[in-house]
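Below is one structure, written out as structure tokens, with a few remarks after it.
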Amino acid sequence: MPKPVGPYSPVVRVKDWVIVSGQVGLQDGVLVAGGLVPQLRQLFANLKHLLASEDLSLSDVAKTTVFLTDITDYEEMNKIYIEEFGDHRPARSAVAVNALPVGAVVEIEAWAKI
């Protein structure tokens with residue numbers, strides 16, 4: 001399971017919900033190189049791993065929030081987001097932020113319904 005970079009739980013079950021804290025493109029505790037696309041691929045691998053730890057998958061996700069350090073990455077992020085979620089379309093917010101932990105350029109949190 002990806003180790004958190006701060007004092008929080010990476011995944012929490014509350015009644016009928018599983019909440020996955022924001023995931024960035026960390027692999028073995030290190031941010032993957034190469035910017036948006038490699039970071040998105042890794043964060044989705046992390047997200048899927050955390051969901052699987054609760055016997056869930058991306059198809060169970062009801063809501064996501066996407067944080068981007070550069071809003072011009074929105075279109076490219078959407079391409080990979082669609083590849084990962086397929087025909088499933090959770091409710092979503094996407095916001096531009098000044099910075100993200102460990103120098104990441106993208107972070108995604110998710111709420112999944114049990």
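Only the coordinates and a few stated rules stand behind these numbers; no lab work does. All figures in this text were calculated on a predicted structure; none of them were measured in a lab. A quick note on method: Cβ atoms are made from the backbone with ideal geometry, for glycine too, and the neighbour counts reach across all protein chains shown.
General remarks:
- When only alpha carbons are used to place a centre, segment 36-80 and segment 1-35 end up 11 Å from one another.
- Considering only the chain, percent of DSSP beta bridges that pair antiparallel, nearest 5: 75 percent
- 22 Å Cα cut-off, lysine pairs counted over the chain (separation 8 or more, or different chains): 9
- Across the alpha-carbon set of the chain, the Rg to Rh ratio works out to 0.93, Rh being the Kirkwood radius.
- Only helices enter the 222 nm calculation for the chain: every DSSP H run of n ≥ 4 contributes -39,500 (n - 2.57), and dividing by all residues gives -8500 deg cm²/dmol, rounded to 500.
- Using the Karplus relation 6.51 cos²θ - 1.76 cosθ + 1.60 with θ = phi - 60°, the per-residue 3J(HN,Hα) values for segment 48-56 come to 4, 5, 5, 4, 4, 5, 10, 6, 10 Hz, with x marking Gly and Pro.
- Under 5 Å between amide hydrogens, built in the peptide plane, is the criterion, and for Trp17 it picks out Ile114 among residues at least 5 positions away or on other chains.
- Loop-resident sites, segment 1-73, for chymotrypsin sites (Phe, Trp or Tyr not before Pro), counting at most 13 other Cβ within 10 Å (DSSP): Tyr8
- Given charges at Cβ of Lys, Arg, Asp, Glu: segment 47-114 dipole, positive-most of Val61, Ile108, Asn98: Val61
- Model label points for Asn78 and Thr65, set 7 angstrom from Cα along the Cα-to-Cβ axis, are 2.2 nm apart.
- Length gained when the stretch Trp17-Lys3 is fully extended (0.36 nm per residue, less Cα-Cα span): 2.9 nm
- Label-zone membership for segment 76-114, site Ala33, 7 angstrom Cα→C-beta point, backbone N under 17 Å: 103-105
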